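Peer 1: One structure, as structure tokens, below. Some questions next.
The values are calculated or read from the model by the stated rules, or taken from the named source; none is laboratory data. The structure presented is a predicted model; accordingly, all values stated were derived computationally and were not measured. All Cβ positions, even for glycine, are placed from backbone atoms using ideal geometry, and neighbour counts span all protein chains on display.
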Amino acid sequence: MFCVYDLHSHSTASDGTLSPRALVQRAAEAGVEVLALTDHDTTAGIDEASEAAQSCGLVLIPGVEVSVSWNRQTVHLVGLNVDPHDPKLNDGLQRLREFREWRAVEIGSRLHKAGISGAYEGARALAEGSLVSRTHFARFLVRSGRVEDERKVFKRFLVSGKPGHVPGEWASLEEAVGWIHGAGGQAVIAHPARYRMTRSKLRQLLKTFVALQGDALEVVSGSHSRDDYINMAKHAKDFDLMASAGSDFHCPENPWIELGRLPRLPEGCKPVWQNWNLTGQTEVRSQLG
Ligand code: AMP
Ligand code: MN
Ligand code: MN
Ligand code: MN
């Protein structure tokens, strides 16, 4: 039986700073037994991560974090156990990456008007050929000495009402759940407490998600407080959703989010992994000792 699950993480295929291989190695060293790689809007890192997982004796769950627009707000859906080569999933993600490319140019030009030049080129260079995220803009502004840390860049420039903000035009909730299910995966609402929705808005989201046959709520997240775990566990129970747990690890430089350090799911939660059949992979593990 596996005990240490971390079902939400990022690599250089999106806005993480470790390659898929280095991420898997770090997770294994941290004691993670089952890791999901869930890059934003791409499955490009999965093959490398799966290969690395075999040599580390860790189970790699192929995943993705899909950007969704719901109720004029951005919501993230994690897909777990998706076929990374599913054509419909990849077509959908491709459309989101095209929007990202347009948005990156737009963010650059808005920042330029706000007196910050070269941000698009800077962010693009930091993305090293992968998709451009707002994280790359934040890193660029920090590295070029304009702002002290990434959080401040978001607060001053990249969130709603700030000069570099461009509203998301992502997938609908229905599309995203459909892509994930079509690729054989389970759909999980990521870091629900991060959206700062009112209780009734969140319950409206969960109701819609359940109607679309959504599977789980990320009850334990690196960005949740203890109160959030308890609160989200109650919501999961009320809506008969399974519960997931993931650090949302992006980079070793961020000391408060590390791989393999998540608390257990609160009492009464049904783990999203309850029906997973990982036995074949257990044999590989035990052979490795
Ligand atoms: P994007 O999907 O390109 O809009 O970027 C979203 C990503 O930005 C998230 O996945 C986080 O990695 C990062 N992010 C969002 N808000 C913040 C924040 N306040 N501070 C630091 N990083 C953030
Ligand atoms: Mn991110
Ligand atoms: Mn997210
Ligand atoms: Mn994430």
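Peer 1: What residue, among those in the range 5-15 that are touching a strand residue (DSSP E or B) at 6+ places or on another chain (Cβ under 7 Å) and in a loop (DSSP other than H, G, I, E, B), is surrounded by the fewest Cβ atoms within 10 Å (Cβ to Cβ)?
Peer 2: Residues of the range 5-15 that are touching a strand residue (DSSP E or B) at 6+ places or on another chain (Cβ under 7 Å), as a first pass: 5-11, 14-15.
Those left that are additionally in a loop (DSSP other than H, G, I, E, B): 7-8, 10-11, 14-15.
Details: 7: 31, 8: 29, 10: 25, 11: 27, 14: 26, 15: 22.
Per the criteria, the residue is 15.
Peer 1: Residue 193: in contact with a Cys (Cβ under 8 Å, 6 or more places away or on another chain) and assigned to a helix (DSSP H, G or I), yes or no?
Peer 2: On the way: in contact with a Cys (Cβ under 8 Å, 6 or more places away or on another chain): no; assigned to a helix (DSSP H, G or I): yes.
It is false that residue 193 is in contact with a Cys (Cβ under 8 Å, 6 or more places away or on another chain) and assigned to a helix (DSSP H, G or I).
Peer 1: Check residue 202 against each of (1) in contact with a helix residue (DSSP H, G or I) (Cβ under 7 Å, 6 or more places away or on another chain); (2) closer than 19 Å to residue 36 by Cβ; (3) surrounded by 19 or more Cβ atoms within 10 Å (Cβ to Cβ) and name the one condition it does not meet.
Peer 2: Only one criterion in (1) in contact with a helix residue (DSSP H, G or I) (Cβ under 7 Å, 6 or more places away or on another chain); (2) closer than 19 Å to residue 36 by Cβ; (3) surrounded by 19 or more Cβ atoms within 10 Å (Cβ to Cβ) is unmet by residue 202, namely (2).
Peer 1: Before we move on, is residue 156 among the charged types (D, E, K, R), more than 16 Å from ligand 2 (Cβ to nearest atom) and within 15 Å of residue 111 (Cβ to Cβ)? Break it down stepwise before answering.
Peer 2: Numbers: among the charged types (D, E, K, R): yes; more than 16 Å from ligand 2 (Cβ to nearest atom): yes; within 15 Å of residue 111 (Cβ to Cβ): yes.
Answer is yes for this residue.
Peer 1: Report, by residue number, each residue of the range 81-105 that is among the β-branched types (Val, Ile, Thr) and touching a strand residue (DSSP E or B) at 6+ places or on another chain (Cβ under 7 Å).
Peer 2: Result: 82, single match.
Peer 1: Can you name the number of the only condition in (1) out of contact with any Pro (no Cβ under 8 Å at 6 or more places or on another chain); (2) crowded, with 20+ Cβ neighbours inside 10 Å that residue 243 fails?
Peer 2: With (1) out of contact with any Pro (no Cβ under 8 Å at 6 or more places or on another chain); (2) crowded, with 20+ Cβ neighbours inside 10 Å applied to residue 243, the lone miss is (1).
Peer 1: Find the helices (runs of 4 or more DSSP H) located wholly in the range 42-141 whose residues include 3 or more that are surrounded by 17 or more Cβ atoms within 10 Å (Cβ to Cβ) and in contact (Cβ under 8 Å) with a residue 40 or more places away in the chain, and list them.
Peer 2: 87-113
Peer 1: Starting from residues that are within 14 Å of ligand 1 (Cβ to nearest atom) and over 18 Å from the mean Cα position of the chain (by Cα), keep the ones in the range 160-195 and report whichever is surrounded by the fewest Cβ atoms within 10 Å (Cβ to Cβ).
Peer 2: If we take residues in the range 160-195 being within 14 Å of ligand 1 (Cβ to nearest atom) and over 18 Å from the mean Cα position of the chain (by Cα), then 161 is surrounded by the fewest Cβ atoms within 10 Å (Cβ to Cβ).
Peer 1: Still on this structure, please answer the following. Is there any pair linking a residue in the range 2-14 that is modelled with pLDDT of 95 or more to one that is in a strand (DSSP E or B) and acidic (Asp, Glu), with Cβ under 7 Å and at least six apart or on different chains, and which?
Peer 2: Hits for this filter: 8/218.
Peer 1: Given 182, 164, 168, which one is in contact with a helix residue (DSSP H, G or I) (Cβ under 7 Å, 6 or more places away or on another chain), under 25 Å from residue 104 (Cα atoms) and in contact (Cβ under 8 Å) with a residue 40 or more places away in the chain?
Peer 2: 164 is the lone residue from the list that is in contact with a helix residue (DSSP H, G or I) (Cβ under 7 Å, 6 or more places away or on another chain), under 25 Å from residue 104 (Cα atoms) and in contact (Cβ under 8 Å) with a residue 40 or more places away in the chain.
Peer 1: For the range 80-95, give me each residue that is charged (D, E, K, R) and closer than 10 Å to residue 184 by Cβ. Before you say what the answer is, go through the steps one by one.
Peer 2: Step one: list which residues in the range 80-95 are charged (D, E, K, R), which gives 83, 86, 88, 91, 95.
The answer is 83, 86.
Peer 1: Is the range 24-39 home to any residue that is farther than 17 Å from residue 260 by Cβ, within 14 Å of the chain's Cα centre (by Cα), free of Cβ contacts under 8 Å to residues at least 40 places away in the same chain and assigned to a helix (DSSP H, G or I)? Working first, answer last.
Peer 2: Of the range 24-39, the ones farther than 17 Å from residue 260 by Cβ are 39.
Keeping just the survivors that are within 14 Å of the chain's Cα centre (by Cα) gives 39.
Okay, now just the ones that are also free of Cβ contacts under 8 Å to residues at least 40 places away in the same chain, so 39.
The next check asks that each one be assigned to a helix (DSSP H, G or I); those that pass are none.
For the range 24-39, residues farther than 17 Å from residue 260 by Cβ, within 14 Å of the chain's Cα centre (by Cα), free of Cβ contacts under 8 Å to residues at least 40 places away in the same chain and assigned to a helix (DSSP H, G or I): absent.
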